[in-house]
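The values are calculated or read from the model by the stated rules, or taken from the named source; none is laboratory data. Please read these numbers as outputs of a predicted model, since none were measured by experiment. Surface areas here come from the heavy atoms of the whole protein model, side chains and all, with no ligands, DNA or RNA. Shrake-Rupley method; radii C 1.70, N 1.55, O 1.52, S 1.80 Å.
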Amino acid sequence: KEDLLARIYTLPAKFGRVFRAGIRKNPNNPLAAELSIICLDNQKKLTVAPDALKKNLRIYLNEFRLISDAIDILDARVINFKVDFDIFVDPKFNKTTVVQTIIAKIANLLELKNFQIDQPIIMVDIMNAIINTNGLLTMTAVRIQTVRGVHDGRVYSNISFNMDAHTVKGLIIGPPGSIFELRYPKYDITGNAS
């Protein structure tokens with residue numbers, strides 16, 4: 001698995017660039033693996049890999065596989081999400097400043113560079129970013145929800161995903177071959193302070 005991923009990420013740039021790749025066994029064929037890939041667009045947002053890249057990757061990887069092995073190249077599913085939190089702020093601190101500090105911390109934590117295909121969202125990391133902020137008395141709620149479609153000109157993926165139904169022991173686990181993306185941090189992280 002690690003060797004295959006290394007080959008994918010060292011694909012010569014003239015054939016295209018894979019941003020993230022994830023490999024897992026094919027549940028329908030014990031001799032096959034499912035390779036999910038995703039690329040970046042010119043605005044550094046996740047986008048479906050072009051067919052030409054998939055073809056180049058198939059040809060490139062064919063040289064390194066065993067005769068009995070098969071690799072199915074699939075598009076990774078992008079799950080866009082937003083974070084909303086409610087807090088109580090110490091009266092000695094400016095509420096707006098505390099909220100902006102928390103938003104910046106969450107945006108840094110959830111940067112796309114920190115995510116891989118099939119990686120869950122870890123709720124406690126988000127909660128720690130919030131509660132370890134100066135001026136905070138208490139955090140009363142954190143909500144993570146799927147965002148899809150078009151909102152005020154911002155385009156999200158069309159994947160519908162129930163975060164609550166897929167939260168296990170503080171981990172939000174996406175479907176196989178998926179990647180989470182906080183697509184527009186400026187708009188997708190909101191906080192309410194009392």
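Once amide H atoms are built 1.01 Å from N in the peptide plane, which residues 5 or more positions from residue 174, or in another chain, come under 5 Å H to H?
Residues meeting the amide H criterion: 121.
Where both residues lie in segment 1-103, what percent of DSSP beta bridges are antiparallel, nearest 5?
Details: 9 of 15 bridges.
Here the antiparallel bridges make up roughly 60 percent for segment 1-103.
Under the rule of at least 5 residues apart or a separate chain, name every residue whose amide H is placed under 5 Å from the amide H of residue 190.
Close amide H contacts, sequence-distant or interchain: 83, 84, 85.
Run through the DSSP bridge list for the chain and note the antiparallel percent, rounded to the nearest 5.
So the antiparallel bridges amount to about 60 percent of the total.
Which cross-chain or sequence-distant (5 or more) residues have an amide H under 5 Å from the amide H of residue 157, H modelled 1.01 Å from N in plane?
Here 80, 149 satisfy the definition.
Rounded, prolate or oblate: which fits segment 124-194, taking a ≥ b ≥ c as square roots of the Cα gyration tensor eigenvalues, rounded meaning a/c under 1.5, else prolate when a/b beats b/c?
In terms of gyration-tensor shape, oblate.
Per residue, how much accessible area does the chain show when a 1.4 Å probe rolls over the protein heavy atoms, in square angstrom?
58
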